[in-house]
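Data block below; observations after.
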Amino acid sequence: MPLDSKTPSGPLAQKWDKHKFDLKLVNPANKRKFDVIVVGSGLAGASAAASLAELGYAVKCFCFQDSPRRAHSIAAQGGINAAKNYQNDGDSIYRLFYDTIKGGDFRARESNVYRLAQVSVNIIDQCVAQGVPFAREYGGLLANRSFGGAQVSRTFYARGQTGQQLLLGAYQALCRQIGLGAVEMFPRTEMLDVVVIDGHAKGIVVRNLVTGEITCHAGDAVVLATGGYGNVFFLSTNAKGCNVSATWRAYKKGALFANPCYTQIHPTCIPVRGEHQSKLTLMSESLRNDGRVWVPRRREDCLKAPSAIPEADRDYYLERKYPSYGNLAPRDISSRAAKEVCDEGRGVGPGGLGVYLDFSDAIKRLGQNVVRERYGNLFEMYENITGENAYHVPMRIFPAVHYAMGGTWVDYNLMSTLPGLFVLGEANFSDHGANRLGASALMQGLADGYFVLPYTIGNYFASSKQAKPSSNHSEFKKCVENIRAQTNKLLSIKGKRTVTSLHRELGKLLWEKCGMSRNEAGLKAALLRIPELRDEFWKNVNVTGENGELNQNLEYAGRVADFMEFAELLCLDALHRRESCGGHFREEFQTAEGEALRDDEHFAYVAAWEYTGPNKAPVLHKEPLVYEEMHMSTRSYK
Amino acid sequence: MELTLKVWRQKSATATGSLETYEAKNILEDMSFLEMLDVVNEALISQGAEPIAFDSDCREGICGMCSLVINGIPHGGKRGTATCQLHMRNFKDGDTITIEPWRARAFPVVRDLITDRSAFDRIISAGGFISVNTGGAPDGNAIPVPKESAEKSMDAAACIGCGACVAVCKNASAMLFVAAKVSHLNLLPQGKAEKDHRVGNMVRQMDAEGFGNCTVTASCEAVCPKEISLSVIAKMNHDYALATLKLG
C-alpha cells in the first residue's frame, strides 16, 4: 500500500492556500444531503461537529460521557500557542512552525506543521469571538506567557483552566447547533465499530451505555476525534474513560496506525502514592516558568527536609545541563533528566521517585500574592491530593504518561487510509512528531476541527461520489453480530480476576519496558508477556452484570480488551525503531552525554502499521519524511 | 482505616431504590473518595456482586462528571472541592458514610449514584453561547476587554456543570448554574449583542426542565466546587428584568 500524504506542491508557505483553492466544493444547497458522523466531543470533535453543521451538513455527534462538555480536553491547564506576535518578541508563523518541528525531533510532516502554525492565529480570533475569557492586560488586550520549549511568549491562557474554557467555547458552539436541530447529539453512547462498505467508511455501530442497546448509524463520512491511548499504561494523566477503542477498531478495518511508540511522558505530575492509585494528576507545565527544579547533590541528603539542604548542596540539574532553556526545557528532555537523577539515587519522597519543584525564589521575588494569582488553583489541587502546602515546602513532581503523539495515520486532508474516515486531534498522528511541545495540543485539536476538516471533507464528498449508505446493509448486521458475540463472551467468562487488576498489570509492564526509556531486551520480554496476559484476560476475567443495562464493568472490559491488543503494536513499533527520538528513548542509541541519538539515515519516516488479521504480524509501511524547508539538525537546548 | 458505607442502590430509573450497607476495608488516607469506592467495587466484583455505579472521568476536579451526596452534602462539604478531589484524610477510622445520588426532579436517577443531567445541556442549547460561526472573527485584540470584566467573566466561567448547586438546594433550583453562564457571556463585550435574548431563553428552558425557584438560601454557593459567587444570580436577575422590559 503506497502511503500518499497528498501534500500539495509549491512553496511551503503557499501550500495550504493553494490546496484550499484546489479542493472541490459542495454546493451550499447540497450540503444538507450529506450525513457526517463525528465520534468524540472534545476540542477536535466539538469544533468539527459545530463547524460542519454551520456549513449545512447533517451531523450526528457521539460521546461516551453524560455530556459533550466533559471530554478530556477540559483538563488541559496551561494554554494554547498562536503565532500572533502580540508581544513583539520576534514570533512569527515560521518560528512557531520551526519550534514545533524541532520540538517534535524532526519526525513530523513538514506541510502539516506549517499549516498548523498558519491557522493558529485564526483559532485565537475565533475563541475570543465565542467569549473565551482569556487572560488580559490592564489595557484590555490579550496577555501571553512563555511555555516549555519556546523562547517567545506566544501562549494564550485562561488561568490554569485553558482547556476548560476552550472546550466550553466549542461545546457552546456545538450546543447552539444542537438547539438549531443541525446536530443530533448522542451522549452516553460508545462507538464499537466502523462499518466499511465498498472500501469506504460508511457508518458506525454504537452501544447505548444506559440501556445496552446496540444501534447502527450510516453516514457519508465518519470522523473520529476520540483522543489518545495513554491509558494503555493504566496510570496516566488521562481521564478514566480515555481509551484506544475507536481508533483501534478502525485499524482493524483498514486504517493504518502510525508511530504508536511516540508517547509523551510529562515531567510535572504528582508522584504515585500507592497501589490504589487510579490515575495521575498533572501540574501545569506553566509552573516551570517560576518554579525551579532540583534534587540534592548527594544521595544521603534525600531523606532530609528540603529546607535543611543548603543552596550549595542542591543540584538545579535542568539549569545546569540546559542553561539557555533551563527549567523550560521540552517535556521529553525534562522527563528523562528527572529519571536520570532518580536512577542515580537522588530522587526525593516515597520510593525516591520524585524531584522538587521549588517556588521559594519566586515567592521572594514576586511575593506570595503574585504566585497565588498565577497558580493558585494548582497549589490548591496539589494540597488536596498530597496534603502539603507548596507555598511552604517545595512541590514534589515526577514524570507520567500524558499524551499520545502517535495515532491513526492521516494524509494532508486528515483522511486515513480508509477512504471516508477522517481522524482529528490527538487521535491522529500528524503534527507533533516524536514529542509535543507545551500548549500545542489545544492548538492542534481546534485547528483540525475548525479550520482544516471543514475544507477537506467537502473535497471527499465532491470527488468520491459514493452511493448513499443504508444502515440495513449486511455489513452493519455483520458488525452487530460480532459485537454481540464479543459482549456475550466477556460476560460468560466469569473468571477470577477483575478488569482493573489485568489492566494494572498490563500498564505496569508497559511502564517498565516501554516507558521513559526502552531497550531491545525489555521490549522483547514485553512482547512475550503481552500475549500471555491477553490470553489470561480472555480466560480469566470477571465481568459482572448483563448487557441490557448500564454496566460500567462491561464498558471497561471492552476498552481493556483493545488495550491488550494495542499494547503489542506499541512495543513492536518501539522495538523496530532502532534510534532515539523525542519521547522514544532507546537506551542503545544515545550520545556520550546521554542525549537522544537520532538516525536520520534509516529512520526519517513515519511508521504506519497495517492490520493483517488476528494473530498475524502487522505490516509496516513507511512514509518518508521529506523536509523541503527545514534542515534536520540535532536538537539542542543547551 | 475501616469504614461503614450506606450507599443508595437503584437498578434503573424506574426501579425502587434503597440504602445498602457495605464495609470498606484497608482504606488509606491518601486515597481519593472515588479510589475508596474503587476498592469497595473491586471487592464486590470479586464476590460476584454488582459494583456500585457512579460517574467520574477526569478525577482532577474539572470535568464535572463526578457527583455524590456524601453525608447529606453534595461533594462532601470540603470547600471548593469536587468529590474526586476529596481525600480520605478528611475522614476518620470507624466513620459511617452515607452516599446518595443528586436528588432533584430534573435529574432523574439512571442507576445507583448516576443521574441524568442532560437538562443542563438543553439550557445551554437554548441560549448559553455567542452566535458566531467559524471563520470571519475579527482579530483577537480588536475587541479589548477590561481586565476587571475578563476576570469577573472568568470567575463565572469556571463552573464545571456538575449540578451540586441543584442537588443541595431545597427548591432544586438551577439558578447558580444558569446565572454563571449568563454572567460569563453577558459580562463580555462579545456577548452584549444578544444578552437579552440569551437570558430570556435560558431562564425559559430552566423553568421548562422542572427546576425550582431561587429563595436565596445560598447553599449553592457553599457547595460549589468552583466557589461560584451568589452574586451571579443578582446579575442574572438584573439582566432578566432589563430584558423583560425591553423585549416584553
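The values are calculated or read from the model by the stated rules, or taken from the named source; none is laboratory data. In this text, all values refer to a predicted model and were calculated from it rather than measured experimentally. Reconstructed Cβ throughout: ideal geometry from the backbone, glycine too, with neighbour counts over all protein chains shown.
Taken together, the residues in the range B:210-221 that are in a loop (DSSP other than H, G, I, E, B) and crowded, with 18+ Cβ neighbours inside 10 Å amount to 2.
Per this entry, A:ARG504 is counted among residues that are at pLDDT 95 or above, closer than 30 Å to A:GLY163 by Cα, in a helix (DSSP H, G or I) and of a type in the set (Lys, Arg). Taking first residues from the range A:276-287 that are on the phi < 0 side of the Ramachandran plot and partners that are of a type in the set (Ser, Thr, Tyr) and assigned to a loop (DSSP other than H, G, I, E, B), the Cβ contacts under 8 Å between residues at least 6 apart in sequence or on separate chains come to A:LYS279/A:SER236; A:LYS279/A:THR237; A:LEU280/A:SER236; A:LEU280/A:THR237; A:THR281/A:THR237; A:LEU282/A:THR237; A:SER286/A:TYR157.
Of all residues in the range A:181-196, none satisfies being farther than 29 Å from A:TRP248 by Cα and in contact with a strand residue (DSSP E or B) (Cβ under 6 Å, 6 or more places away or on another chain).
For the range A:399-408, the condition of being in contact (Cβ under 8 Å) with a residue 40 or more places away in the chain, within 14 Å of chain B (Cβ to nearest Cβ) and under 23 Å from the mean Cα position of the chain (by Cα) holds for at least one residue. Among the candidates B:ASP112, B:ASP207, the residue that is of a type in the set (Asp, Glu), within 9 Å of chain A (Cβ to nearest Cβ) and more than 24 Å from A:GLN130 (Cβ to Cβ) is uniquely B:ASP112. The set of residues from the range A:430-440 being touching a Phe, Trp or Tyr at 6+ places or on another chain (Cβ under 9 Å) and within 19 Å of A:MET415 (Cα to Cα) comprises A:SER430, A:HIS432, A:GLY433.
If you go through the range A:527-535 one residue at a time, do you hit one that is surrounded by 15 or more Cβ atoms within 10 Å (Cβ to Cβ), modelled with pLDDT of 95 or more and touching a strand residue (DSSP E or B) at 6+ places or on another chain (Cβ under 9 Å)? No.
For every residue, the table says whether it meets (1) of a type outside the set (Gly, Ala, Ser); (2) part of a strand (DSSP E or B).
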| position | (1), (2) |
| --- | --- |
| A:MET564 | yes, no |
| A:ARG578 | yes, no |
| A:GLY594 | no, no |
| A:ARG598 | yes, no |
| A:GLY613 | no, no |
| A:ALA617 | no, no |
| A:HIS621 | yes, yes |
| A:THR634 | yes, no |
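Mind listing whichever residues of the range A:197-248 are among the aromatic types (Phe, Trp, Tyr), within 14 Å of another protein chain (Cβ to nearest Cβ) and touching a strand residue (DSSP E or B) at 6+ places or on another chain (Cβ under 8 Å)? Passing the criteria: none in range.
Being more than 14 Å from chain B (Cβ to nearest Cβ), loosely packed, with under 14 Cβ neighbours inside 10 Å and touching a strand residue (DSSP E or B) at 6+ places or on another chain (Cβ under 8 Å) is true of A:PRO624.
Residue count for the range B:114-144, restricted to those that are assigned to a loop (DSSP other than H, G, I, E, B), at pLDDT 95 or above and within 30 Å of A:ALA143 (Cα to Cα): 12. Taking the stated definitions as given, is A:VAL206 touching a residue at least 60 places away in the same chain (Cβ under 8 Å), in contact with a helix residue (DSSP H, G or I) (Cβ under 9 Å, 6 or more places away or on another chain), assigned to a strand (DSSP E or B) and not assigned by TED's automatic domain parsing to the domain that holds A:TYR556? So A:VAL206 does not fit the description; no. Contact annotation: residue pairs with Cβ atoms under 9 Å, 6 or more positions apart or on different chains, pairing a residue in the range B:174-192 that is assigned to a loop (DSSP other than H, G, I, E, B) with a partner that is among the basic types (Lys, Arg), are B:LEU187/B:LYS152; B:LEU187/B:LYS235. Scanning the range A:604-621 for residues that are touching a helix residue (DSSP H, G or I) at 6+ places or on another chain (Cβ under 9 Å) and either among the polar types (S, T, N, Q) or surrounded by 13 or more Cβ atoms within 10 Å (Cβ to Cβ) (or both) yields A:ALA607, A:TRP609, A:GLU610, A:TYR611, A:ASN615, A:PRO618, A:LEU620.
On the stretch given as the range A:139-159, residues that are without any contact (Cβ under 8 Å) to a residue 24 or more places away in the chain and at the interface with chain B (Cβ under 8 Å from one of its Cβ atoms) total 2. All conditions in (1) within 28 Å of the chain's Cα centre (by Cα); (2) free of Cβ contacts under 8 Å to residues at least 12 places away in the same chain; (3) surrounded by 22 or more Cβ atoms within 10 Å (Cβ to Cβ) hold for A:GLY522, with the sole exception of (3).
Within the range A:298-316, not a single residue is away from chain B (no Cβ under 14 Å) and either crowded, with 24+ Cβ neighbours inside 10 Å or within 26 Å of A:GLU426 (Cα to Cα) (or both). Facing another protein chain (nearest Cβ under 9 Å), of a type in the set (Ser, Thr, Tyr) and either in contact with a helix residue (DSSP H, G or I) (Cβ under 6 Å, 6 or more places away or on another chain) or part of a helix (DSSP H, G or I) (or both), is that true of A:TYR114? Taking the combined requirement at face value, the residue does not satisfy it. Taking the range B:51-85 as the range and being in contact with a strand residue (DSSP E or B) (Cβ under 8 Å, 6 or more places away or on another chain), assigned to a loop (DSSP other than H, G, I, E, B) and facing chain A (nearest Cβ under 8 Å) as the test, the residues that pass are B:ALA53, B:ASP55, B:ARG59, B:GLU60. Suppose the filter is part of a strand (DSSP E or B), in contact with a strand residue (DSSP E or B) (Cβ under 6 Å, 6 or more places away or on another chain) and away from chain A (no Cβ under 11 Å); does B:VAL40 pass it? Against the criterion (part of a strand (DSSP E or B), in contact with a strand residue (DSSP E or B) (Cβ under 6 Å, 6 or more places away or on another chain) and away from chain A (no Cβ under 11 Å)), B:VAL40 does not qualify.
Going by what's in this entry, would B:ILE123 be described as in contact with a Lys or Arg (Cβ under 7 Å, 6 or more places away or on another chain), buried (at least 24 other Cβ atoms within 10 Å of the Cβ), within 29 Å of A:LEU446 (Cα to Cα) and not assigned by TED's automatic domain parsing to the domain that holds B:SER12? Spelling it out, it is not the case that B:ILE123 is in contact with a Lys or Arg (Cβ under 7 Å, 6 or more places away or on another chain), buried (at least 24 other Cβ atoms within 10 Å of the Cβ), within 29 Å of A:LEU446 (Cα to Cα) and not assigned by TED's automatic domain parsing to the domain that holds B:SER12. Of the residues making up the range A:593-613, at least one is more than 30 Å from A:LEU502 (Cα to Cα), within 25 Å of the chain's Cα centre (by Cα) and among the basic types (Lys, Arg). Look through the range A:286-322, keep the residues that are part of a loop (DSSP other than H, G, I, E, B) and hydrophobic (A, V, I, L, M, F, W, C), and return whichever of them is farthest from A:ARG154 (Cα to Cα). The residue in question is A:LEU303. Considering each of B:CYS165, B:CYS159 in turn, give the residue that is surrounded by 22 or more Cβ atoms within 10 Å (Cβ to Cβ) and part of a helix (DSSP H, G or I). Of the residues listed, the single one that is surrounded by 22 or more Cβ atoms within 10 Å (Cβ to Cβ) and part of a helix (DSSP H, G or I) is B:CYS165. Look at the range A:444-473: where a residue is buried (at least 23 other Cβ atoms within 10 Å of the Cβ) and a partner is among the hydroxyl-bearing types (Ser, Thr, Tyr), sitting 6+ places away or on another chain with Cβ atoms under 6 Å, you get A:LEU446/A:SER47; A:GLY449/A:SER47; A:TYR450/A:SER47; A:TYR450/A:SER51; A:TYR450/B:THR134.
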